[in-house]
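Comments concern the structure below.
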Amino acid sequence: AAGSQLYPEAATSFPTVSDGGKTYTFHIRPGLKFSDGSPVTAAAFQRSWERILSPKMGSPLGVNLDLQDVVVGGAQFLAGKAQHISGITATGQTLTFHLVKPNATFVSILSMQWFTPVKPNTPYTATGLNNYPAAGPYYISSRDPGRNLVLKRNPYYKGDRPANPDQIV
């Protein structure tokens, strides 16, 4: 039961909800870092949404969950008609979502593993990346699709999730 309780690890608290349940504002905890030492900002969470819905990624995930219909501008972005999702703004450590309509499950949706921060310059690719910085307890150090994956401990991670082994193969 304890593992099913949401808590704000990357945000300073749960979001401020306004506009009749259609605007969610998060404040990203200062001092969070990716495994390469660079800071985690609100733009990193914006990029994760854009990667989920980018037509360049070839991922059915966002579409299968109808996420393009949750956030304002999601459908236009998915269709390749916009450079960014207009309903997501990231300024410094403040991240704001403008929803198409109120959604009582939105915070739970954001807790899914697909919405971890991604460096804003992480490229779009339908074939995946073999290594890239991460902000959680581990990052992908190397990847050989279909053969192996090596996770290494993020030396900058200061959260509560366990990171006991130095490496997982």
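The values are calculated or read from the model by the stated rules, or taken from the named source; none is laboratory data. All of these numbers come straight from a predicted model, not from anything done at the bench. Cβ sites come from the backbone with ideal geometry, for glycine too, and all protein chains shown count toward neighbours. Each accessible area value is taken on the protein alone, full model and side chains, heavy atoms only, with ligands, DNA and RNA left out. Shrake-Rupley method; radii C 1.70, N 1.55, O 1.52, S 1.80 Å.
Figures for the structure shown
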read-out: Residue check, LEU95 hydrophobic (A, V, I, L, M, F, W, C) and modelled with pLDDT under 95; value: no
read-out: Odd one out for GLY3, checked against (1) more than 17 Å from the chain's Cα centre (by Cα); (2) of a type outside the set (A, V, I, L, M, F, W, C); (3) modelled with pLDDT of 95 or more; value: (3)
read-out: Unique residue being free of Cβ contacts under 8 Å to residues at least 60 places away in the same chain, surrounded by 11 or more Cβ atoms within 10 Å (Cβ to Cβ) and under 23 Å from GLU9 (Cβ atoms) when the list is SER86, SER141; value: SER141
read-out: Among the candidates VAL40, VAL72, VAL63, residue that is farther than 24 Å from ASP19 by Cα and at pLDDT 95 or above; value: VAL40
read-out: Residue match in region 93-104 (condition: part of a loop (DSSP other than H, G, I, E, B), under 15 Å from the mean Cα position of the chain (by Cα) and in contact (Cβ under 8 Å) with a residue 60 or more places away in the chain); value: yes
read-out: Within region 10-57, tally of residues that are farther than 20 Å from ILE88 by Cα and either among the β-branched types (Val, Ile, Thr) or part of a loop (DSSP other than H, G, I, E, B) (or both); value: 7
read-out: Residue selected from region 144-169 under the condition among the acidic types (Asp, Glu) and not in a strand (DSSP E or B), by the criterion most open to solvent (accessible area, probe 1.4 Å); value: ASP160
read-out: Output for region 89-102, where each listed residue is hydrophobic (A, V, I, L, M, F, W, C) and either open to solvent by 60 Å² or more (accessible area, probe 1.4 Å) or in contact with an Asp or Glu (Cβ under 9 Å, 6 or more places away or on another chain) (or both); value: LEU99, VAL100
